[in-house]
Structure formats: structure tokens, C-alpha cells
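Shown next, in C-alpha cells, is the structure this report addresses.
The values are calculated or read from the model by the stated rules, or taken from the named source; none is laboratory data. Nothing here was measured: the structure is a model prediction, and the numbers come from that model. Cβ atoms come from the backbone with ideal geometry, glycine included; neighbour counts cover every protein chain shown.
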Amino acid sequence: MALKKCKECGKDVSTKALACPNCGNPIKNKTYAISCSFAVIIFLVVLWVAKEVLFAFSEVRIFGRKINLK
């Protein structure tokens, strides 16, 4: 468990803490921001792949007639 200084009061605060136990100042967690950004990028990639798959099969033939779903 690493410690860093609180920007508000200067006391030592755990890097895992969400706020300083002395003054209550919120501690910014860089790993949360990185993981949120990563999740958004993965979500957008999944949406793009789903769109490509759906439009690849957008041409349907029913009783020999071509029906375009685009």
C-alpha cells in the first residue's frame, strides 16, 4: 500500500483511498479513468462489429425475390 500526500491538507493518504480521511478531499484515481476509457472503446468496437455483421446479411431472398433491408 503506497502513500501520497493530500493536495488539500498535506497528510499521507493511501493510494487506494477514495478521499482523504483527514479533510475529505476526493483523491483522483487514474486507473478508474483508464478502465472507463477502455470500456467505452471496447463497447464502440462491439457496436461497429455488430453493425458490419448485420449489414453483411441485409440482403434477404424470400420466394426468390431480393429484399434489401438497408
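Quick rundown of the values:
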{"quantity": "Those residues of the stretch 23-36 which are part of a helix (DSSP H, G or I) and either touching a Cys at 6+ places or on another chain (Cβ under 9 Å) or modelled with pLDDT of 75 or more (or both), in sequence order", "calculated": "34, 35, 36"}
{"quantity": "Residue within the stretch 37-45 that is loosely packed, with under 10 Cβ neighbours inside 10 Å and at pLDDT below 90 present", "calculated": "no"}
